[in-house]
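The values are calculated or read from the model by the stated rules, or taken from the named source; none is laboratory data. Since the structure is predicted, the reported quantities are computational estimates derived from the model, not experimental observations. Note: ideal-geometry Cβ built from the backbone for every residue, glycine included; neighbour counts use all protein chains shown. Heads up: the accessible areas ignore ligands, DNA and RNA and are worked out on the full protein's heavy atoms, side chains in. Shrake-Rupley method; radii C 1.70, N 1.55, O 1.52, S 1.80 Å.
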Amino acid sequence: MACVNPDGSLTSSALDLLRLASRPVSPEAISAELATPLFKVRASLREMLAAGLVVELQAGYQATEEGAAKVGTVMA
Amino acid sequence: MDMNSFAEATIAPRMPRIGDPAPQFEAPTTHGTLRLEDFKGSWLVLFSHPADFTPVCTTEFIGFAKAQPALRELNTELMGLSIDSVYSHISWVRNVEEKMGIKIEFPVIADLNKEVASLYGMIMPGESKTETSRCVFVIDGEQTLRAMIYYPLTTGRNIDEIVRLIKALQTSDEHGVATPANWQPGERVIIPPPQTQEAAEERVQAEGVECKDWYFCTKELPEAK
């Protein structure tokens, strides 16, 4: 579930994840919502965190402005 | 021991053992970069195969893929490994899907630098210095090594046995029991032998317990009744 392609574009699973992260969301909730194994979600979040697309908050992970812009969502 | 053997013995990495914390790693896979810690909370079957595009390995991959739904019900993930590139892995799993109709959904580590293989002792130099043998490491949700199986290059593994092994381990954890030879879910389990004379006397008189002798007692588990 690599998220960021070599050309900087995002995979479809990464885009799904960012849409969910318009508000703080836990890895477990993402896994359940996307029917994706938790290990893949954790790896994706780590990659997106490093790319500055999400931030880790106490309540979970949330898309940054840059991340939200990738999917055209408005952050909660 | 000659000096060469001594030098080899002193630099050989320590093989992981049952009960050890599973060695942590980060590795490129067909599902991106994964860390062992990503699997925390799930059981994991980490297995190696000698090489992509080889017939025995292909039958094993098909077997593991078919077992994946049953393993998921046991909160267990799969991850393969060989000393091949990620491009080779991608090409092979696509080939398996195209030619055999089986989709490989679990990640496969591309261990070109043999880092993970060395960490887990997957290379058996007496058999091959360039390929990993058919190793299986069962890692629990706390990331402790619970079981290991090693098969040689020539012999495909019994995937049903790996599923049975995980069921047995999880049953032991849940009920504090052991399982006899060839045990299958629903069958009687073994109560660990008493540690004192008093406990031995109580054991042979306990209700719901069948004893051949004080050290060899079995019982049914509640859900099996």
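Structure above, values below:
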{"quantity": "Flag if A:Asp16 is crowded, with 16+ Cβ neighbours inside 10 Å, out of contact with any strand residue (DSSP E or B) (no Cβ under 8 Å at 6 or more places or on another chain), more than 10 Å from chain B (Cβ to nearest Cβ) and of a type outside the set (Ser, Thr, Tyr)", "calculated": "yes"}
{"quantity": "Condition met for B:Thr132 (in contact (Cβ under 8 Å) with a residue 40 or more places away in the chain and in a helix (DSSP H, G or I))", "calculated": "no"}
{"quantity": "Residues of region B:23-43 satisfying the condition of being in contact with a Pro (Cβ under 7 Å, 6 or more places away or on another chain) and facing another protein chain (nearest Cβ under 7 Å)", "calculated": "B:His31, B:Leu34"}
{"quantity": "Single residue of B:Thr218, B:Thr155, B:Thr196 found to be open to solvent by 70 Å² or more (accessible area, probe 1.4 Å), more than 21 Å from B:Phe39 (Cβ to Cβ) and of a type in the set (Ser, Thr, Tyr)", "calculated": "B:Thr196"}
{"quantity": "Which listed residue, of A:Ala14, A:Ala69, is more than 26 Å from B:Leu78 (Cβ to Cβ), out of contact with any Pro (no Cβ under 8 Å at 6 or more places or on another chain) and of a type in the set (Gly, Ala, Ser)", "calculated": "A:Ala69"}
{"quantity": "Subset tally (residues that are outside any loop (DSSP other than H, G, I, E, B) and within 14 Å of chain A (Cβ to nearest Cβ)) for region B:64-75", "calculated": "5"}
{"quantity": "In region A:19-32, residue most open to solvent (accessible area, probe 1.4 Å) [restricted to those that are within 15 Å of A:Val71 (Cβ to Cβ) and away from every other protein chain (no Cβ under 14 Å)]", "calculated": "A:Arg23"}
{"quantity": "Residues being over 16 Å from B:Leu145 (Cα atoms) and out of contact with any His (no Cβ under 7 Å at 6 or more places or on another chain) - total across region B:36-74", "calculated": "23"}
{"quantity": "Count of residues meeting criterion [without any contact (Cβ under 8 Å) to a residue 40 or more places away in the chain and of a type in the set (Val, Ile, Thr)] in region A:27-47", "calculated": "2"}
{"quantity": "Pick from region A:39-54, criterion more than 14 Å from every other protein chain (Cβ to nearest Cβ) and surrounded by 15 or more Cβ atoms within 10 Å (Cβ to Cβ), ranking: farthest from B:Gly41 (Cα to Cα)", "calculated": "A:Leu53"}
{"quantity": "Failed item, numbered, when A:Val71 is tested on (1) buried (at least 16 other Cβ atoms within 10 Å of the Cβ); (2) over 20 Å from B:Pro107 (Cα atoms); (3) free of Cβ contacts under 8 Å to residues at least 12 places away in the same chain", "calculated": "(3)"}
